[in-house]
Amino acid sequence: MANNQIEVRKIKKIFKLHTEGLSKRKISSQLHISRNTVTKYITFLKQYQLTYNEVTAMSIEELHRLFHSQEKSKNKRLQTLEQYFPYFDKELRRAGVTQQLLWEEYKEKHPEGLMLSQFCYWYAEWRKEVYVCVLGNSHYTYAEASESQKKENFIRCTENALWFYGGVPNALIPDNLRAAYPNVR
């Protein structure tokens, strides 16, 4: 749906304020997001003819699926390439193996496949950081792709995980992540 999708709870807040009669400009100011973004989400929810009660009753996962249901599906060449990424990841750990060699191997099997620049771009995208949060005894897991391990991204992902779980545990124990311990060198 959006290039930089905002948090799902903010989407609910946008729709709540809109149904209460606040202008898009006031909603934008109050939530610290652009007026175009407010308009985009209000238009999207109206397109589905959803009422405020229906939107608030939806879980975060349901809203997330709703917004992603309109995303373009990946083309076949990219889907084919992505199937090789775990193999490429293992191979690149071997001495002498380069992305150029892996691309040549891929192109032999798929002559109509993506060129080297796109190959490298999509492989780099696939390798981006992943945040994983697990509830201790239940092993209930939340995962989210992140741009980096910077403190801001770590906090955002942790907040999203807690919203996903619907509560807060007694303790959060980061596992070997420097961003979680900003004062330790």
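The values are calculated or read from the model by the stated rules, or taken from the named source; none is laboratory data. Since this is a predicted model, take the numbers as computed values, not measurements. For neighbour counting, all protein chains shown are included, and Cβ atoms are generated from backbone atoms with ideal geometry for every residue, glycine included.
Only helices (runs of 4 or more DSSP H) wholly contained in the stretch 70-171 count here; list those with 2 or more residues that are basic (Lys, Arg).
Values: elements: 76-91, 99-109, 116-126, 151-165.
The qualifying helices (runs of 4 or more DSSP H) are 76-91, 99-109, 151-165.
Out of Leu45, Leu63, Leu31, Leu50, which single residue is out of contact with any strand residue (DSSP E or B) (no Cβ under 7 Å at 6 or more places or on another chain) and modelled with pLDDT of 85 or more? Can you show your working first?
Details: Leu45 fails: modelled with pLDDT of 85 or more; Leu63 fails: modelled with pLDDT of 85 or more; Leu50 fails: modelled with pLDDT of 85 or more.
None of the other options fit; the residue is Leu31.
Looking across the stretch 77-136, the residues that are aromatic (Phe, Trp, Tyr) and touching a residue at least 12 places away in the same chain (Cβ under 8 Å) come down to Tyr84, Phe85, Phe88, Trp103, Tyr106, Phe119, Trp122, Tyr123, Trp126, Tyr131. Considering the conditions (1) loosely packed, with under 11 Cβ neighbours inside 10 Å; (2) touching a Lys or Arg at 6+ places or on another chain (Cβ under 8 Å), Ser117 is excluded by exactly one of them, (2). Contact map, the stretch 160-172: first residue more than 13 Å from Tyr142 (Cα to Cα), second residue surrounded by 10 or more Cβ atoms within 10 Å (Cβ to Cβ), Cβ cut-off under 8 Å, separation 6 or more or different chains; pairs are Val168/Leu162; Pro169/Leu135; Pro169/Gly136; Leu172/Thr158.
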